[in-house]
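Student: Here it is: the structure, laid out below.
The values are calculated or read from the model by the stated rules, or taken from the named source; none is laboratory data. What you see is a predicted model; the values in this text were computed from it and never measured. No Cβ is skipped: glycine too gets one built from the backbone with ideal geometry, and neighbour counts run over all protein chains shown.
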Amino acid sequence: MDYSGYSDAELFGLLREKKPIAEAAFAELYSRYATRIYNYCRTILRNKEDAEDAFQETFAKFYQSAQQEREMTNLPAYLLRIARNTCLNMKRQRRQEIVSFDEEYMYPTRDDPDREEMLKLIETAVELLPDDLREIFILREYQGYRYAEIAQALNISEEAARVRAYRARKQVQKILAPYIKDFAQHM
């Protein structure tokens with residue numbers, strides 16, 4: 001059966017049904033959100049193997065949580081919260097230095113060397129942000145989450161999400177200002 005026309009809430013409810021129905025509903029939800037959740041895990045953990053582990057654990061926890069009676073109003077934010085908690089727990093448990101991640105997960109590749117240089121500068125600027133601002137910047141600017149989704153996932157107010165995103169953008173601009181000025185002079 002094709003579940004593509006079902007809402008997230010309807011699919012979430014079907015996860016408590018018999019195995020074939022639950023598996024089909026899960027497959028549809030997975031196809032809708034797997035890429036976003038994996039990219040989030042990859043961005044936060046900056047390690048492919050850890051990201052894959054967190055990603056799998058996120059969907060396993062999500063499936064288990066669906067077995068409880070609960071109303072689902074914002075599934076993307078709920079999945080993001082599970083992924084965030086999973087990633088933070090992994091970071092705490094392993095207490096490892098963050099390794100840089102491949103550009104291909106955040107930026108499309110192009111052959112323009114000036115563009116590549118600017119993308120590396122932006123990536124460096126984002127890396128310099130405090131963790132809380134970096135997380136919101138990535139969720140908003142790279143992954144396209146709405147402020148309401150970010151607020152729900154991070155358990156903060158929507159206004160706090162807006163303020164932190166604004167601060168993150170301003171800090172990135174401040175970090176990049178000398179490079180942009182230099183870059184513009186060489187154009």
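Student: Looking only at residues that are in a loop (DSSP other than H, G, I, E, B) and surrounded by fewer than 13 Cβ atoms within 10 Å (Cβ to Cβ) in region 129-152, which one is modelled with the lowest pLDDT?
Tutor: Restricting to residues being in a loop (DSSP other than H, G, I, E, B) and surrounded by fewer than 13 Cβ atoms within 10 Å (Cβ to Cβ), the top hit is GLY144.
Student: Another question about this same structure. Based on this model, can you work out whether TYR40 counts as within 21 Å of the chain's Cα centre (by Cα), more than 16 Å from LEU88 (Cβ to Cβ) and part of a helix (DSSP H, G or I)?
Tutor: So TYR40 fails the test.
Student: Across region 125-179, what is the total count of residues that are of a type in the set (S, T, N, Q) and closer than 19 Å to CYS87 by Cα?
Tutor: 3
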